[in-house]
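Visitor: What follows is a single structure, and I will ask about it in a moment.
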Amino acid sequence: MTNIDLASLVRNVPDFPLPGIQFKDITTLIGNGPAFAQVMNLLIERYRGMQLDAVVGIESRGFIFSAPLALALGVGLVPVRKPGKLPADTYQIEYDLEYGSNKLEIHRDSFTPGARVVVIDDLLATGGTIGAASKLIEQAGAVVVELAFVIELAFLGGREKLTPYSIYSLIQY
């Protein structure tokens, strides 16, 4: 299989969602079948032997990668969602963003105690969303084995804010 330069398929969208932000758009990457397959194969190979109990996907772009990964590994998929999207009892966390705050939720019964999970999202920026999601996952009783991303914006310092978690990213800017 040919190695595709994945970074070359990420579209840069200036001034989205706010002026001055250079948005990294993955739709051009996942719209390329061989490139999407390469991303998934890299993730599957990384996590195949780690004895995971579940894959956790962060709403919403994290679902694109977490569902096929969970399926390939033969483990369950646990969604972390925005408030009001999950129908049963949830844990909720509020966290700060550069321009306000946000909330995430997870079902209280998502895991058996001590379940080993990998958490997948499309992009690591400042680490606020994934840091909050990780706390929520631990509150629900799971152990975060690793945080995985397709893209990492290293210049924003998110990795440094997420110690002691192990972090894996396919593309770094």
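Where a number appears in this text, it was derived from the coordinates with a stated rule and is not lab data. Keep in mind the model is a prediction, meaning the values are calculated, not measured. A quick note on method: Cβ atoms are made from the backbone with ideal geometry, for glycine too, and the neighbour counts reach across all protein chains shown.
Visitor: Mind giving me the nanometre distance, one decimal, between the label points for Lys85 and Asp109, set 7 Å out from Cα along Cα→Cβ?
Guide: 2.2
Visitor: Between rounded, prolate and oblate, where does the chain land on the alpha carbon gyration tensor, with a ≥ b ≥ c its root eigenvalues, rounded for a/c under 1.5, else prolate if a/b exceeds b/c?
Guide: oblate
Visitor: Related question: Please say if the range 17-106 is rounded, prolate or oblate, where rounded means a/c under 1.5 for a ≥ b ≥ c the square roots of the C-alpha gyration tensor eigenvalues, and otherwise the choice is prolate for a/b larger than b/c and oblate otherwise?
Guide: oblate
Visitor: For the range 125-136, take each phi angle, set θ = phi - 60°, evaluate the Karplus expression 6.51 cos²θ - 1.76 cosθ + 1.60, and give the result in whole Hz per residue in order, putting x for glycine and proline.
Guide: So the J values, rounded to whole Hz, are 10, 8, x, x, 5, 5, x, 5, 4, 5, 4, 5.
Visitor: So what is the calculated 222 nm ellipticity per residue for the chain, using -39500 (n - 2.57) for each DSSP H run with n of 4 or more, over all residues, to the nearest 500 deg cm²/dmol?
Guide: Only helices count here, giving -7500 deg cm²/dmol.
Visitor: For a quick check: with amide H placed at 1.01 Å from N, whose amide H comes under 5 Å from Val78's, ignoring anything fewer than 5 positions away on the same chain?
Guide: Val55, Val56, Gly57
Visitor: If amide hydrogens are placed 1.01 Å from N in the peptide plane, which non-local residues have theirs closer than 5 Å to the one on Leu124?
Guide: Correct list: Ile151, Glu152, Leu153.
Visitor: Return a single number: how many Lys pairs in the chain, at a sequence separation of 8 or more or on separate chains, have alpha-carbon atoms below 18 angstrom apart.
Guide: Count of close lysine pairs: 5.
Visitor: Where in the range 89-125 does the amide nitrogen come within less than 18 Å of the point 7 Å from the Cα of Val13, taken along Cα to Cβ?
Guide: The answer is 122-125, whose backbone nitrogens lie closer than 18 Å to the label point.
Visitor: Once amide H atoms are placed 1.01 Å from N in the peptide plane, what residues at a sequence separation of 5 or more from Phe23, or on another chain, have their amide H within under 5 Å of its amide H?
Guide: Correct list: Val13, Asp15, Phe16.
Visitor: Can you tell me the dipole magnitude for the chain around its Cα centre, using point charges on the Cβ only (Lys, Arg +1; Asp, Glu -1), in Debye to the nearest 20?
Guide: Charge dipole of the chain: 180 debye, to the nearest 20.
Visitor: If I stretch the segment between Thr163 and Asp25 completely, what's the gain in nm (0.36 nm per residue apart, minus their alpha carbon distance), one decimal?
Guide: The span from Thr163 to Asp25 would gain 47.0 nm if fully extended.
Visitor: Which ³J(HN,Hα) values in Hz, rounded to whole numbers, follow from the phi angles of the range 72-84 under the Karplus curve 6.51 cos²θ - 1.76 cosθ + 1.60, where θ = phi - 60° and Gly and Pro get x?
Guide: After applying 6.51 cos²θ - 1.76 cosθ + 1.60, I find 5, 7, x, 10, x, 10, 10, x, 9, 10, 6, x, x Hz.
Visitor: From Cα pairs below 8 angstrom and at least 6 apart in sequence, can you work out the relative contact order of the range 50-172, rounded to a whole percent?
Guide: Once normalised by length, the contact order is 24 percent.
Visitor: Round to a whole angstrom and tell me the spacing of the C-alpha centers of the range 1-79 and the range 104-173.
Guide: Between the Cα centre of the range 1-79 and that of the range 104-173, the gap is 14 Å.
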